[in-house]
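A.B. asks: To start, I am sharing the structure in question, which I have written as structure tokens.
Where a number appears in this text, it was derived from the coordinates with a stated rule and is not lab data. These figures come from a predicted structure and were not determined experimentally. As a convention, Cβ positions derive from the backbone with ideal geometry for all residues, glycine included, and neighbour counts pool all protein chains shown.
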Amino acid sequence: MSSERRTLVDGLKNTPPTVDPVKEAEFVYGDKAKPRPAERPADPQNVAALLNRVPISTRMKAEYANALKRASLERQLEGIEPNTLQDILEQAVEPWLRSNGYIR
């Protein structure tokens with residue numbers, strides 16, 4: 001009972017059809033895979049702000065970093081926005097920049 005040897009390319013050509021992408025997304029992402037109604041219409045300024053993000057690096061107290069990571073994780077699990085480190089930090093920094101006259 002020897003099996004015929006074939007190249008990897010030939011083996012991949014004979015693979016069964018792919019899984020339905022919708023079912024795959026539901027399996028991998030659960031409820032998050034289902035399309036959700038938009039919470040608010042896309043604001044052109046918000047879209048531009050997302051596209052104009054730049055990387056920034058800084059240090060902070062370990063206590064703050066741990067609390068920030070915990071807040072992000074808990075908010076993601078509960079489906080509460082903002083829930084990414086980036087969005088939480090932006091929301092926290094914006095009032096300071098406004099009140100000190102650095103942005104309008």
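A.B. asks: Around N83, under 9 Å between beta carbons, what's the net of Lys plus Arg minus Asp minus Glu among the other residues?
C.D. replies: Within the 9 Å Cβ shell, the charges total -3.
A.B. asks: Extension gain N14-Q91, at 0.36 nm per residue separation less the Cα-Cα distance, in nm?
C.D. replies: Gain on extension, N14 to Q91, equals 22.6 nm.
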